[in-house]
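Participant: Quick one: structure below, then a few questions.
The values are calculated or read from the model by the stated rules, or taken from the named source; none is laboratory data. Since this is a predicted model, take the numbers as computed values, not measurements. Every residue, glycine as well, gets a Cβ built from its backbone with ideal geometry; the counts of neighbours run over all protein chains shown. Accessible surface areas use protein heavy atoms only, side chains included; no ligands, DNA or RNA. Shrake-Rupley method; radii C 1.70, N 1.55, O 1.52, S 1.80 Å.
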Amino acid sequence: MALTKTDASWLQPLSTMAMKESGGRTGPSTINRWDSNWERGTPSMGLFQTIRPTFDFFKMNGMGDIMNPVHNAVAAIRYIKDRYGTVFNTPGIKSMMHGGPYKGYEYGGFVKQRQLAWLAENNKPEAIVPLVGNRMDPFAVAVAAKLGSIFENTSSPNGGFTVHTEFHQSEPLSPSEIKRKQLQLARQLANEWGFGG
C-alpha cells in the first residue's frame, strides 16, 4: 500500500477483496480457466484476479510479475483508484458496507461502466452479452434460447421470478422466425432497462 501512497483505511477492504477474489492465494492455481477472459487468451490471475492487459496498464516500473502478490496488488490498487476513486466504491466492498454480500456477479447483474469483475463464480456458467448495437445479436439469440428452456420450469427456489413468452400467430413459426422474435424481445428489454444504443 505504501508503494501506491494508499491510506491505511484501505487495508481491511483490500484484504477482503483478495480473499474473495483468489482466496488470498497466488500462483498457477489462481489462473481462471473457465470464463470468457480465458477464451480470449487473457485469463484473470493472481491475488486480485487481474487480466494481463489491465495489469500491464496499471503496474509500476519494475513490477511486471502478475503472480507476485505485491506486483498484482499494486496494479489492482492503481486500477481501483483510476476506476472507482476509492476501494470503498468498488461493487463488492460497497455492497458489504450496506449489509449485503461481497458483490461479484454470481447471481447476474448489469454492468454499464468499465470494471474488473469476477466471472463464473463457483464454476457456474455465465453469459457475457453486449447490450448495445449489433454486437449483441449472436449472444442475445443464444441467451434467449437458453432462457426459453429455463423459463419452461416455473418454480424458483431462490424466490426469483419467471418469465413466460408466447407468440400468438395464426401459423406456426419457423425456427429462424422464433430467433428473430427472441432477438427483437431482447433488444426491447435492453432498451427498457436503459442499455439501448
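Participant: Search segment 19-50 for residues being touching a Lys or Arg at 6+ places or on another chain (Cβ under 9 Å) and of a type in the set (A, V, I, L, M), and hand back the single one that is farthest from Gly100 (Cα to Cα).
Facilitator: Among residues in segment 19-50 that are touching a Lys or Arg at 6+ places or on another chain (Cβ under 9 Å) and of a type in the set (A, V, I, L, M), the one farthest from Gly100 (Cα to Cα) is Met45.
Participant: Report whether or not Pro13 is over 21 Å from Tyr102 (Cβ atoms) and either free of Cβ contacts under 8 Å to residues at least 12 places away in the same chain or not acidic (Asp, Glu) (or both). Explain how you work it out, then say what you get.
Facilitator: Numbers: over 21 Å from Tyr102 (Cβ atoms): no; either free of Cβ contacts under 8 Å to residues at least 12 places away in the same chain or not acidic (Asp, Glu) (or both): yes.
No; evaluated as a whole, the condition is false for this residue.
Participant: Could you list all residues from segment 91-101 that are in contact (Cβ under 8 Å) with a residue 40 or more places away in the chain and open to solvent by 70 Å² or more (accessible area, probe 1.4 Å)? Give the derivation first.
Facilitator: Quick first cut of segment 91-101, residues in contact (Cβ under 8 Å) with a residue 40 or more places away in the chain only: 92-93, 96.
Within segment 91-101, Met96 is the sole residue that qualifies.
Participant: Moving on. If I filter segment 53-68 down to residues being touching a Lys or Arg at 6+ places or on another chain (Cβ under 9 Å) and not charged (D, E, K, R), which single residue comes out as farthest from Thr4 (Cα to Cα)?
Facilitator: Ile66
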